[in-house]
Amino acid sequence: MSIEMFRLHLINMPLVRPFRTSFGTELVREVLIVEAISSGGTSGWAECAASSWPGYSSEYTAGVIDVMTDHLIPALRETTMAAEPEEVRAALDVIRGHPMAKTAIATSMLDVWLRERGQSMASFLGSTRTEVDCGVSVGIPTTETLSELLDEVGIYVDAGYRRIKLKIEPGWDVEPVAAVRARWPEMPLQVDANQAYTRADAAQLAKLDEFDLLLIEQPLPEEDWLGHRLLAEVCTTPICMDESILSVASAESALEFGSATIINIKPGRVGSYLTARDIHDMCMARNSPVWCGGMLETGVGRAANLALAALPNFTLPGDTSASNRYYAVDITEPFVLQDGRLPVPQGPGIGVEPVPELLADFRIWRRDIAISTGF
Ligand code: OSB
Ligand code: MG
């Protein structure tokens, strides 16, 4: 087989509730879905992790579409169109940066490749589980009240989630964590600052030590390796990195230098599911736990993340929540939480597909890029 065309579907997915972080608020998730279509007529599916504006990272949808169209797809030589996943990664890595765009293109091709072989992504990556423990990421309440926060956390606790992650920022940290910890003394709990603090905030962050948190995620700017290490020296809570981790090298540097002891793996951020697996393997060899991050994915992105999260060193619950935590209607069959876990899709490729009518309902834009005419 070879890939003949990429079809980009831009969809707008209303969130069930606003998602506020230290870098902004999202009410509607703009999602780019990539469909790779083979000469045999097989479609492979992937979801791009980028959102509509560069708040989490420098990537954003319009830039992703641009780099895919003008650079990434043209970088795929004719031989690569039928090639092994490793060759696709190598061909895309000729372009600097843009990991979310690369992951989406490569995963759509991987999905075709796996479907035509009848192999699941989970088995391809080396999964050892058929279901994974799920956590949930809880935004900063738009009303900034503890009562709204406790109500929302209560919904997730009642639903059976196995870990709660609270978004924090300066002015919204010790108090909400104390309130949640007081209400749920045994619940595995962690926080995520999305780079909102500075080195001068170390004493404030160390106040979180008394709440028995699993970790503090990305407290400082992504390039501040030394700051994270200095913070790790004054906090007993483990430091975890998200935005800083772009490759095996950055993950290994974080662990070796002491900037973090736990790595959040997001495939979109590292440019490929193959690289996500490589980071997993490196961390496992060093006895460092990993967990699977999320980017408010639809069922398409969630399916692939669940395949990854089924690898053995994903020992902490991930931000792989059920469909209804994000969307009233998902574009795939909904993922439903069962006893705090989600099933790992076992069908060929990512194991799910968008429902054509739903994809069309949510779609705001579409572009076909034929390989033969694209460059
Ligand atoms: O930092 O982990 C993050 C969502 C968008 C951008 C960044 C992050 C997040 C989340 C949500 O925390 C995780 C999820 O449930 O998908
Ligand atoms: Mg994060």
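Residues that are within 19 Å of the chain's Cα centre (by Cα) and surrounded by 24 or more Cβ atoms within 10 Å (Cβ to Cβ): find the helices (runs of 4 or more DSSP H) completely inside the range 259-375 holding 3 or more of those. Give the steps one after another, and end with the answer.
Values: elements: 267-270, 273-285, 299-309, 323-326, 356-362, 371-374.
Answer list for the range 259-375: 267-270, 273-285, 299-309.
Give the residues of the range 125-138 that are surrounded by 19 or more Cβ atoms within 10 Å (Cβ to Cβ), out of contact with any Ser or Thr (no Cβ under 6 Å at 6 or more places or on another chain) and not acidic (D, E), sorted by residue number.
Result: L125, S127, V132, G135, S137, V138.
For the range 156-167, enumerate the residues that are more than 14 Å from ligand 1 (Cβ to nearest atom) and either assigned to a helix (DSSP H, G or I) or among the hydrophobic types (A, V, I, L, M, F, W, C) (or both).
Across the range 156-167, the qualifying residues are V157, D158.
Scan V191, V177 and give me the residue that is aliphatic (A, V, I, L, M), farther than 23 Å from E297 by Cα and free of Cβ contacts under 8 Å to residues at least 40 places away in the same chain. Reasoning before the result, please.
Working: V191 fails: farther than 23 Å from E297 by Cα.
Step by step, each of V191, V177 is checked, and only V177 is aliphatic (A, V, I, L, M), farther than 23 Å from E297 by Cα and free of Cβ contacts under 8 Å to residues at least 40 places away in the same chain.
Suppose we keep only residues that are without any contact (Cβ under 8 Å) to a residue 60 or more places away in the chain and more than 16 Å from ligand 2 (Cβ to nearest atom) within the range 303-332. Which one would you say is nearest to L215 (Cα to Cα)? Walk me through how you get there before you give the answer.
Taking the range 303-332 and keeping what is without any contact (Cβ under 8 Å) to a residue 60 or more places away in the chain, we get 305, 313, 315, 323, 329-330, 332.
Filter once more, so that each one left must be more than 16 Å from ligand 2 (Cβ to nearest atom): 313, 315, 323, 329-330, 332.
Details: N313: 17, T315: 13, S323: 25, V329: 32, D330: 30, T332: 32 Å.
Per the stated criteria, the residue is T315.
Among the residues of the range 168-219, how many are within 16 Å of ligand 2 (Cβ to nearest atom) and not in a helix (DSSP H, G or I)?
Count: 20.
Considering only residues of the range 65-77 that are assigned to a helix (DSSP H, G or I) and without any contact (Cβ under 8 Å) to a residue 40 or more places away in the chain, which is surrounded by the most Cβ atoms within 10 Å (Cβ to Cβ)? First the steps, then the outcome.
First pass over the range 65-77, keeping only residues assigned to a helix (DSSP H, G or I): 65-75.
The next check asks that each one be without any contact (Cβ under 8 Å) to a residue 40 or more places away in the chain; those that pass are 66-67, 70-72, 75.
Numbers: D66: 13, V67: 20, D70: 13, H71: 17, L72: 22, A75: 17.
Per the criteria, the residue is L72.
Within the range 237-295, work out how many residues are away from ligand 2 (no atom under 16 Å from the Cβ) and either charged (D, E, K, R) or without any contact (Cβ under 8 Å) to a residue 24 or more places away in the chain (or both).
9
Can you tell me how many residues in the range 106-154 are without any contact (Cβ under 8 Å) to a residue 60 or more places away in the chain and in a loop (DSSP other than H, G, I, E, B)?
So the answer is 3.
Tell me whether the range 237-249 contains one or more residues that are under 30 Å from T275 (Cα atoms), part of a helix (DSSP H, G or I) and not hydroxyl-bearing (S, T, Y). Spell out how you get there, then give the answer.
Looking only at the range 237-249, we keep the residues that are under 30 Å from T275 (Cα atoms), and these are 237-249.
From what's left, part of a helix (DSSP H, G or I): 248-249.
Checking which are not hydroxyl-bearing (S, T, Y) leaves us with 248-249.
Yes, the range 237-249 has at least one match.
Bear in mind these aren't lab numbers, they're just calculated from the coordinates by the rules spelled out. Source: prediction; values computed, not measured. Note that each Cβ is placed from the backbone with ideal geometry, even for glycine, and that neighbours are counted across all protein chains shown.
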